[in-house]
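Visitor: Here it is, the structure, as structure tokens.
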Amino acid sequence: MELLQSGLKLRQLQVFREVLRAGSTRKAARSLGISQPAVSQHVKQLEATVGIVLFKRSTNRIVPMQEAWELLRNIELALTSLDRLEASIFAMKNDEKHRIAIAAPSVFGFVTLPRVVATIHSKTASNVRSISGSHDQIGEHILAGRADLGISRLPLDPQLFEWAALGSARNVCIFHPDHRFSKQSRIEAHDLAGETIVDIDPQFASHQMNFNALRFEGVEPNILVEFDCNGHEAGYVSAGLGIAITNEIIAREYAAFNLGIKPVEPSALYHYVAVWQKGRTFSNALNVSLEAIVSAFEPTMSAAA
């Protein structure tokens with residue numbers, strides 16, 4: 001209460017949060033639709049109000065200090081609650097009381113999410129909004145109140161999220177069914193010599209792992225197409241334009257493409273979860289939706305056994 005009386009403003013907290021999420025005042029300004037000087041001013045006012053230096057300043061940039069990240073953790077739940085209240089009021093005004101929002105990488109729209117929606121539709125009066133995004137964006141959608149549940153991967157921050165295990169997966173190689181790899185029991189780095197590769201963008205950890213393994217074997221990757229999210233590679237591979245490396249859970253979303261799938265080494269292990277905001281109170285519809293997500297993965301896990 002004392003901080004509120006001393007001038008702490010909601011807008012300052014919103015701008016501060018966006019600076020840390022975006023990574024710079026320039027990107028935060030673009031996201032918020034305000035000027036960069038306005039962003040800097042809000043941050044300075046927040047520091048003056050709370051009496052803590054939150055950023056180290058150098059030429060043309062500010063670097064968050066540890067105190068900034070600690071403050072973000074403390075205000076995230078409060079801001080998220082306000083975001084959810086706003087969304088709830090909007091929903092009531094627009095007669096959207098029975099909507100369940102699920103955030104997931106778009107690739108899960110091939111097989112898994114249709115199963116989830118079918119279950120929700122059969123057991124509740126709710127409709128479903130599907131929100132796509134990267135794994136980082138899934139968490140942002142949940143914390144911002146745009147999504148009730150999400151499908152994501154560990155690690156996640158246990159101070160912000162709770163989750164239920166869905167399954168684990170290792171890397172696989174996907175290829176056209178007529179490809180020579182169909183005769184092999186597994187694919188190793190040296191097998192990729194001379195192959196055209198359909199590859200996910202370099203900022204993804206899976207790209208770095210795969211390409212480090214190739215170069216360790218003395219194989220220089222031959223990239224034909226780069227894509228920016230899982231799901232895009234299936235069409236190129238199905239057309240015989242190259243092979244791709246993904247993981248078992250993602251690969252099973254491609255059942256309709258009739259692709260060849262073989263284990264690949266070296267491999268990483270991915271842990272998928274259904275995720276929601278920590279402390280979230282579940283309605284009956286949300287409980288049904290969570291159970292639907294878990295159940296939708298169970299046939300997939302059984303097939304792997």
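The values are calculated or read from the model by the stated rules, or taken from the named source; none is laboratory data. Not measured: the values here are computed from a predicted model. Cβ coordinates were reconstructed from backbone atoms using ideal geometry, including for glycine residues, and neighbour counts include every protein chain displayed. We work out accessible area using only protein heavy atoms, side chains counted, and drop any ligands, DNA or RNA first. Shrake-Rupley method; radii C 1.70, N 1.55, O 1.52, S 1.80 Å.
Visitor: So which residues in segment 212-246 are in contact with a strand residue (DSSP E or B) (Cβ under 7 Å, 6 or more places away or on another chain) and among the acidic types (Asp, Glu)?
Guide: Glu226, Glu233
Visitor: Inspect segment 133-141 for any residue being of a type in the set (A, V, I, L, M) and either buried (at least 20 other Cβ atoms within 10 Å of the Cβ) or closer than 24 Å to Glu76 by Cβ (or both) and give the result as yes or no.
Guide: Within segment 133-141, one or more residues are of a type in the set (A, V, I, L, M) and either buried (at least 20 other Cβ atoms within 10 Å of the Cβ) or closer than 24 Å to Glu76 by Cβ (or both).
Visitor: A further question follows. Condition first: in a helix (DSSP H, G or I) and farther than 20 Å from Trp163 by Cα. Now tell me which residues in segment 120-132 satisfy that.
Guide: We begin by selecting, within segment 120-132, every residue in a helix (DSSP H, G or I); these are 120-123.
Matches in segment 120-132: His121, Ser122, Lys123.
Visitor: Turning to a different aspect of this structure: Restricting the first residue to segment 258-285 and requiring it to be open to solvent by 70 Å² or more (accessible area, probe 1.4 Å), which pairs with a second residue that is of a type in the set (Gly, Ala, Ser) and modelled with pLDDT under 90 meet a Cβ separation below 8 Å and a spacing of at least six or different chains?
Guide: Glu265/Ala189
Visitor: In segment 10-33, what residues are more than 20 Å from the chain's Cα centre (by Cα), loosely packed, with under 14 Cβ neighbours inside 10 Å and of a type in the set (Gly, Ala, Ser)?
Guide: The one that is more than 20 Å from the chain's Cα centre (by Cα), loosely packed, with under 14 Cβ neighbours inside 10 Å and of a type in the set (Gly, Ala, Ser): Gly33.
Visitor: Conditions first: (1) within 23 Å of Glu233 (Cα to Cα); (2) modelled with pLDDT of 85 or more. Asp136 passes all but one, so which condition is the exception?
Guide: With (1) within 23 Å of Glu233 (Cα to Cα); (2) modelled with pLDDT of 85 or more applied to Asp136, the lone miss is (2).
Visitor: Checking Ala244 against (1) assigned to a loop (DSSP other than H, G, I, E, B); (2) over 30 Å from Arg99 (Cβ atoms); (3) open to solvent by less than 30 Å² (accessible area, probe 1.4 Å), only one condition comes out false. Which one?
Guide: Single failed check for Ala244: (1).
Visitor: Restricting attention to segment 164-191, and to residues there that are surrounded by fewer than 20 Cβ atoms within 10 Å (Cβ to Cβ) and part of a strand (DSSP E or B), which single residue is modelled with the lowest pLDDT?
Guide: Glu188
Visitor: Same structure again: Scan segment 133-161 residue by residue and report those that are part of a strand (DSSP E or B) and either hydroxyl-bearing (Ser, Thr, Tyr) or over 15 Å from the mean Cα position of the chain (by Cα) (or both).
Guide: Here is the first cut: in segment 133-161, the residues part of a strand (DSSP E or B) are 149-153, 161.
The answer is Ser152, and nothing else.
Visitor: Still on this model: What pairs come up if the first residue lies in segment 141-152 and is on the phi > 0 side of the Ramachandran plot, the second is open to solvent by less than 10 Å² (accessible area, probe 1.4 Å), and their beta carbons are under 7 Å apart, counting only those six or more places apart or on different chains?
Guide: Here the result reads Gly145/Thr80, each pair linking segment 141-152 to a residue that is open to solvent by less than 10 Å² (accessible area, probe 1.4 Å).
Visitor: Next question, about the same structure. Got a number for residues in segment 34-59 being in a loop (DSSP other than H, G, I, E, B) and modelled with pLDDT of 85 or more?
Guide: Total meeting the criteria: 6.
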